[in-house]
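Every read-out reported here was derived from the displayed coordinates using simple, explicitly stated rules and does not represent laboratory data. Since the structure is predicted, the reported quantities are computational estimates derived from the model, not experimental observations. Cβ: placed from backbone, ideal geometry, glycine included. Neighbour counts: every protein chain shown.
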Amino acid sequence: MSTGADTPAVQVDDVDMVFNEGSGGEVAALSGINLTIRAGEFVTLIGPSGCGKSTFLRLVADLLTPTAGSISVFGQSAHESRTGQDYGMVFQHAGLFDWRKVKANIELPLELRGWSKADRAARSAEMLDLVKLDEFGDLYPRQLSGGMQQRVSIARALSFEPRLLLMDEPFGALDEMTREHMQSELLRIWGETGTTVVFVTHSISEAAFLSNRVIVLSPRPGRVHSIIDVDLGERTPDTREDPDFFTAATTIREALRSVGGAV
Amino acid sequence: MSARSETATKALRSVVTAALAIILIVLVWEGYKWTGQQTGGTWPGTGIELPVSTDDIIMPHASDIAAELVSDIRDGRSTLPLSVFLLKKAWFTLQEAAIGFFLGSVIGIGLAVLMLRWRVAERGLLPWINVSQTVPLIALAPIIVTWGRNQGLPDIVSISLISTYLTFFPVAVSALRGLQSPDSAHVELMRSYAAPWRTTLFKLRLPAARPYLFPAFKIAATLSVVGAIVGEISIGTKTGLGRAILEFAQRYAVWPERLYASVVGAAVLGLFVFGMISLAERLVLRRTDEVVA
């Protein structure tokens, strides 16, 4: 399955998503979505609650099947991509298994892929290093703070080096300071791994700080309202005080205002 | 560092609690008896009769029951203290109960997995599982016993099956709840790994069910002893605690201390199996219980 350099990471064509189709309580979640996400990009989806951001992510992940249209991931169908385990996923709540040590949590996807014990141990050590939790591999998730748990969850998603990382409001439950720290960490990891990231958030500053492109969705049914390019160069802590950062945030905010609805 | 000493402290605390509980029961028992004998069997200051008579047949002194435990009893050609006699009987009963507990747990978990896998099975089986527990054991026991003998099975098998009948129920119900307990994010995660159903069962659902299973195991363990004793009584076997209880019950009117002593023996056996499960729970779940920030 050779994929050329210009094969998009995610290609979405004319996708509609209707829940409870055919029954009385039909809900149109997404309508006429067309989107191309290039390999190596960091793309953020933002929109009012109920605009179908999470639904979009679950369609790409093949956890849901679109009512109409097609989705391909690195040239394969979303289904093939899931069965081939082409992507890693991070949820709002870390979703670690309480009964497994931190390193065993990171090794879970490797275990399912039949990696040997030695290979798993080597990789989880690498991953702990990547998310800067070297000391914590032998602890249990409940012994870690929320931010640390979420870092473990990212390490787990990246452990098998997926080409695509799907993140569903991963920092939504964290406090502001931890959140900013995690954003910088994520950008560092993104820079080191070259993974394509599709990131769902409802935070304007988060979208502006993290992404190459911000996709603004309008609600009920969700449609692509606008796509905003963000070019802030390399992010540093100072970027948050950069006039360009504020300009980007303002552009996103205005787009969100024009679609209406509560963010 | 302090994990071990903490465990020791916990163990010591539960021993002290148990001792205090026994002292309390004895005090209440003797206090009630004393009151009744002072007033001639009525509530103090009234003419209303006490619900339970306090004479020495209905309520022998706790000290007499204790004395009975160390006094000799004839067992075949030898004589030995009643407590040792009861321990020997309890050993048989424990074996039957253990088989019943094991079979009941396996069947219970098996049924839960079946019901998890096929919703149809849940709808079809669950009502019957509930109904099964309304059939009086005393009616069911002779059926199992007669069937077992017709099959040429030793009595211990029939007794264990009666015990199994009581134990599978709490395990099946709790196991089903436990297997259904993982939240949707965990299930989605396994789906995102394209994990087959069996893998999700072993890596996610069964481990997640453990905190639900242990309370059920504790109930099942004590029930397994009850089942074994009832089984022994209805089968009329010569061994086991049930037989001893039956014999002492027949001579209750003249020798009540003995029946009470055997009841104490049955209670101790129940506490013992309960304690074993608690210990297993502590060993299995301890690691994840430590919550530190």
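Reachable lysines from B:Lys89, Cα under 16 Å, same-chain residues fewer than 8 places away excluded? Cα-Cα hits under 16 Å: B:Lys238. Between the alpha-carbon centres of segment A:156-198 and segment B:44-102 there is a gap of 67 Å.
The 3J(HN,Hα) values that the Karplus relation (6.51, -1.76, 1.60; θ = phi - 60°) gives for segment B:8-20 are, in residue order, 5, 4, 4, 4, 4, 4, 6, 5, 4, 4, 4, 4, 4 Hz. Gly and Pro appear as x. Among A:Asp175, A:Asp238, A:Asp129, the largest mean-square fluctuation in a Gaussian network model of chain A, built with springs joining Cα atoms closer than 10 Å, belongs to A:Asp238.
Once both labels are positioned 7 Å from their Cα atoms along Cα-to-Cβ, the gap between A:Ala122 and B:Val70 label points is 6.8 nm. Couplings 3J(HN,Hα) of segment B:131-140, computed from phi: 4, 3, 7, 8, 6, x, 4, 5, 7, 6 Hz, in residue order, whole Hz [Karplus 6.51 cos²θ - 1.76 cosθ + 1.60, θ = phi - 60°; x for Gly and Pro].
Is any residue of segment B:201-234 close enough, with backbone N under 13 Å, to a label point placed 7 angstrom from the Cα of B:Val284 along the Cα-Cβ axis, and if so, which? Within reach of a label on B:Val284, which here means backbone N under 13 Å from a point 7 Å along Cα→Cβ, segment B:201-234 contributes B:206-221. If R0 equals 25 Å, the separation of the Cβ atoms of B:Trp128 and B:Val106 corresponds to a calculated FRET efficiency of about 0.85. Calculated mean residue ellipticity, 222 nm, chain A: -11000 deg cm²/dmol, from DSSP H runs (n ≥ 4) at -39500 (n - 2.57) each, averaged per residue and rounded to 500. Spin-label model, A:Glu234/B:Arg177: points 7 Å from Cα along the beta carbon direction are separated by 5.7 nm.
For the peptide A:89-96, the mean number of other protein chain Cβ atoms found within 10 angstrom of a residue's Cβ is 4.
Please give the net charge around A:Ile33, taking every other residue with its beta carbon less than 10 angstrom from that of A:Ile33, where Lys and Arg add +1 and Asp and Glu add -1. Each step should come with its number before you reach the end.
Values: positive: A:Arg223; negative: A:Asp13, A:Asp14, A:Asp16.
Within the 10 Å Cβ shell, the charges total -2.
Note that segment B:144-158 has calculated 3J(HN,Hα) couplings of 4, 4, 4, 4, x, 5, 4, 7, x, 8, x, 4, 4, 5, 4 Hz, one per residue in order, obtained from phi through the Karplus relation 6.51 cos²θ - 1.76 cosθ + 1.60 (θ = phi - 60°); glycine and proline are x. Counting only DSSP beta bridges whose two residues both lie in chain A, roughly 55 percent are antiparallel.
Using R₀ = 51 Å, calculate the FRET efficiency as 1/(1 + (r/R₀)^6) where r is the Cβ-Cβ separation of B:Thr146 and B:Trp43; round to 0.05. Write down the numbers at each step before the final one.
On the way: r = 49 Å, r/R0 = 0.96.
The formula returns an efficiency of 0.55 here.
The ranking of A:Phe19, A:Phe245 from fewest to most other beta carbons within 10 Å of each one's beta carbon is A:Phe19, A:Phe245.
Taking every residue in B:188-198, how many Cβ atoms of other protein chains lie within 10 Å of its Cβ, on average? Before the final figure, lay out each step's value.
Numbers: counts 7, 12, 3, 6, 13, 11, 9, 4, 1, 0, 0.
Taking all residues of B:188-198 together, the mean is 6.
For A:Ala39, nonlocal amide neighbours, meaning residues 5 or more places apart or on other chains whose placed amide H falls under 5 Å from its own, are A:Ala9.
Charged neighbours of A:Lys53, selected by a Cβ distance under 15 Å, balance to +1 (K, R count +1; D, E count -1). Basic side chains Lys and Arg get +1 at the Cβ, acidic Asp and Glu get -1 at the Cβ, and with that the dipole of the protein assembly as shown about its Cα centre reaches some 1840 debye.
Taking amide H positions as modeled 1.01 Å from N, with prolines and chain starts lacking one, the residues under 5 Å from A:Gly222 and 5 or more places away or on another chain are A:Leu30, A:Ser31.
Based on the mean of other beta carbon atoms within 10 Å per residue, what is the order of B:86-95, A:70-79, most packed first? Intermediate values should be presented prior to the final figure.
Numbers: B:86-95: 19.8, A:70-79: 18.1.
Most protected by this proxy first, the peptides run B:86-95, A:70-79.
So what's Rg/Rh here for the protein assembly as shown, counting alpha carbon atoms and using the Kirkwood radius for Rh?
Values: Rg = 33.0 Å, Rh = 28.8 Å.
We get a ratio of 1.15 for the protein assembly as shown.
For chain B, adding -39500 (n - 2.57) for each run of n ≥ 4 DSSP H residues and dividing by the number of residues yields -26000 deg cm²/dmol at 222 nm. Among the listed pairs B:Lys10/B:Lys218; A:Lys103/A:Lys132; A:Lys101/B:Lys10, those with a Cα-Cα distance over 23 Å are A:Lys101/B:Lys10.
A Cβ-based charge dipole, computed about the Cα centre of chain A with Lys and Arg at +1 and Asp and Glu at -1, lands at about 560 debye.
Provide the net charge surrounding A:Ser145, with neighbours chosen by a C-beta distance below 12 Å and charges set as Lys +1, Arg +1, Asp -1, Glu -1. Intermediate values should be presented prior to the final figure.
Values: positive: A:Arg142, A:Arg151; negative: A:Asp175.
Combined, the nearby Lys, Arg, Asp and Glu give +1.
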